[in-house]
1. Give a residue-ordered list of calculated ³J(HN,Hα) values for the range 207-214 (Karplus: 6.51 cos²θ - 1.76 cosθ + 1.60, θ = phi - 60°; whole Hz; x for Gly, Pro).
2. Taking the structure as given and computing Rg/Rh (Cα atoms, Kirkwood Rh), which label from (i) 0.97; (ii) 1.29; (iii) 1.36 fits?
3. What order do you get for 240-248, 308-316 when each peptide is scored by the mean count of other beta carbon atoms within 10 Å, highest first?
4. If I model a spin label at residue 124 and residue 282 as a point 7 Å from the Cα along the Cα→Cβ vector, what separation in nanometres do I get?
5. When a/c is below 1.5 the answer is rounded, else prolate if a/b is larger than b/c, else oblate, so apply that to the range 281-322 with a ≥ b ≥ c taken from the square roots of the Cα gyration tensor eigenvalues.
6. Using a Förster radius of 22 Å, what is the FRET efficiency between residue 313 and residue 222 based on their Cβ-Cβ separation? Nearest 0.05, please.
7. Take each of the peptides 211-219, 63-71, average the number of other beta-carbon atoms within 10 Å over its residues, and list them starting from the highest.
8. Highest mean first, what order results for 17-29, 319-331 on Cβ atoms within 10 Å?
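Read-outs throughout are calculated quantities, based only on the coordinates presented, and are distinct from any laboratory measurement. Because the structure is predicted, anything quoted here is derived from the model rather than measured. We place every Cβ from the backbone using ideal geometry, glycine too, and count neighbours over all the protein chains shown.
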Amino acid sequence: MVNSLTISPMTFITMSAKELDKFQIIKKLIDKHLNGTEAAKLLRLSVRQVKRLKIKVIKSGAKGLIHGNRGQVGHHRLTCNEKKKIIGLLRERYHDFKPTFANEKLFEIHGIDHDPKTIRQIMIDEGLWKPRTKKKASAHRAWRERRGCYGEMIQFDGSYEHWFEDRNNSGKICLLAAIDDATGKIVSLKFAKHEGVFPVFSFWQEYLIKHGKPRSIYLDKFSTYNINHQLAKENGNTLTQFERAANDLKIEPIKANSPQAKGRVERLFHTLRDRLIKELRLAGISTVEEANMFLENTFIPKFNAKFSIEPRNKTDLRQKLNQKENRQLPGIFSRQIERTILNDFTFSFRNQWYQLMKEQPATICKKDIVIVEERLDKTIHIRLRSKYLNYKLLPKRPERQITRIKMPWILAASTAHTPPPNHPWRQAFHAAAVKQLNKQGMTF
């Protein structure tokens, strides 16, 4: 609150309510209606300070209580030319930036170093930014403490956005992000076509080779990570491809019941929509390949240096892949589907027919259930009891044979040694067969 005090018919002094109250007490002190001790208690000042104020009022009147710098131009005030330059840059290049981010770019690119509040006020005055309105009170949510160690939990999600602002008519593109819960570090960012099984598998295969295995992954209930069909939910053994891969690698998938539960990665995307889109614009990037290189080499290191924190515990809980896991990784990160072997040792997959070869590393019976692995490199592998089977692709569906030919019920595994025709057990079998035929009155 500001009041105007009249000193003379032609003089007005603008004073705050606090200064006006102080003047009234000092005036009563001068008129001897109060003593120094009483005035000091009322003003909550020392007696010595009250004496100084009394001298100032006697000497200069009410003006003596006003700070000497009031109404003076600040020593660090922007010059007109510098302010015009800043306004020009803001309008030309940073019109949609927020004040703090705009201030960073003015310093990084143009060498203009000022307090963010100064840039903020300029943007408000020029109508380039509006202060955020106060949020309405929302439902209370319990705060979850960060995990203590690096690699203990990774929050993972995907976000569709016009990241390239349609510079190459790309439309919305999916950005996959993984952020460490304990430190807030971005451990990986990658642009992908969508948030389906193969892009997610490709993301995590590269992640595990480079960073090792985290203890757990915090996810939402998107269909890639969670069974959402009601009938499938009732079967507790039904897993998504991602859940099956995580179980094979002994990584715990944790599913959030709300976006707020995995708030760290949600806030990350909120920041990236503000900063990353503009960074890609300034760098002139319009393709996914260039963008992924920019993320890896430039954006992620700069972001982590600015926003990440130290974990409470210095222990790194990530685990490097062992030789067996490295060898099995392409098979683990594949789309796996079960198929039943038919009587002619064929099966179909994606409108294609496959014939199992005679030479196999494992014994195959009719009606056996094999696992068909569709890998990231588009190759097909057939697995039975941890053995990969030999097969060939048929040009068309096998025709049903009119004459019934007896097929063996078992396609035996190949052996290293085949007994010769004159082997003793073969001779004994031959003799027994001849004897049986003679009994039946047949000649051999």
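1. Running phi through 6.51 cos²θ - 1.76 cosθ + 1.60 with θ = phi - 60° gives 4, 5, 5, 7, 10, x, 8, x Hz.
2. Entry (ii).
3. Descending packing order for the listed peptides: 240-248, 308-316.
4. With each label point 7 Å from Cα toward Cβ, the separation is 2.4 nm.
5. Values: a/c = 5.71, a/b = 1.77, b/c = 3.22.
Oblate, since a/c reaches 1.5 and b/c is not below a/b.
6. Values: r = 31 Å, r/R0 = 1.40.
For R0 = 22 Å, the calculated efficiency reads 0.10.
7. Working: 211-219: 19.6, 63-71: 12.8.
Top to bottom by mean Cβ count within 10 Å: 211-219, 63-71.
8. Values: 17-29: 16.9, 319-331: 13.1.
Final packing ranking: 17-29, 319-331.
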